[in-house]
Amino acid sequence: MTEQAERAKELYIQYYGSFVQMHRDGLYEEFKSYDVPESLQIEWGQEMIEQHSRELSIRNWDAVSALQLIAMNVKHVLIIENIIVFTSRHLMSSDSIVRLMYAERMMAIIKQLRPIMPQPLLLRSLKETVTILENIIAQPLIVDPGHELSNYGLKDKRALNLRAKSNVDAIMDSLN
């Protein structure tokens, strides 16, 4: 890869494919000057999706946050498919805060990708998100060390349940 192509890829990845953010930081013209073919941008987007999908963890939700940013700029259903696979296998053993953060990020990703999602995938992703939220409500409050409720705008189990219920209601409203 040429030095210019490497710089273009660096910018693309640094900004999660967001030309708006590049422009705000005064770097879009530089990126544009490299004349990167759309096919290469798609390839870089898929690389970002694969990398952050491998990094999904219940101990740290940076990867799901990165996938949320990517979904705003790189429209690919693989993002939500990978998150669904991860959450269905690992999330129910996590604390209440981690489940809430994943569910809320999934909702944001679904919103970004909804126009390109096939109906069965949309329904599956909404069902998985609702399942996570309903489990938060049904199960006792579990908070791992380092996850203070107040850091997430919550005071107690009741506040957590209200937030989870509000998210379930938002999903149900989106189906109507």
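None of the figures in this text is laboratory data; all of them are computed from the coordinates on show. As the structure is a computational prediction, the values presented were derived from the model and not from experiment. Because the Cβ atoms are built from the backbone with ideal geometry, glycine has one as well, and the counts that use them run over all protein chains shown.
Points to keep in mind about this one:
- Rounded to the nearest 10 degrees, the inclination of helix 3-14 to the longest alpha-carbon principal axis of the chain is 20 degrees.
- Rg to Rh quotient for the stretch 107-160, alpha carbon positions, Kirkwood Rh: 1.11
- Exceeding the 20 Å Cα-Cα cut-off - candidates LYS127/LYS165; LYS127/LYS155; LYS75/LYS111; LYS9/LYS75; LYS111/LYS157: LYS127/LYS155; LYS111/LYS157
- With θ taken as phi - 60° and the Karplus curve 6.51 cos²θ - 1.76 cosθ + 1.60 applied, the whole-hertz 3J(HN,Hα) list for the stretch 24-37 is 4, 8, x, 10, 5, 4, 4, 4, 4, 5, 7, 6, 6, x Hz, x standing for glycine and proline.
- Dipole axis of the stretch 74-175 (+1 Lys, Arg; -1 Asp, Glu on Cβ), positive-most option in VAL168, TYR152, VAL98: VAL168
- Computed from the Cβ-Cβ distance with R0 of 30 Å, the FRET efficiency linking LYS155 to ARG59 stands at 0.80.
- Between the stretch 20-38 and the stretch 127-171, the Cα center-to-center distance that results, in Å: 39 Å
- A convex hull fitted to the Cα coordinates of the stretch 74-175 yields 101 cubic angstrom per residue.
- Measuring nothing but alpha carbons in the chain and taking Rh as the Kirkwood radius, the Rg to Rh ratio lands at 1.03.
- Additional length obtainable on full extension of the chain from GLU3 to SER88, 0.36 nm per residue less Cα span: 26.5 nm
- Principal-axis tilt of helix 38-54 within the chain, Cα atoms, nearest 10 degrees: 30 degrees
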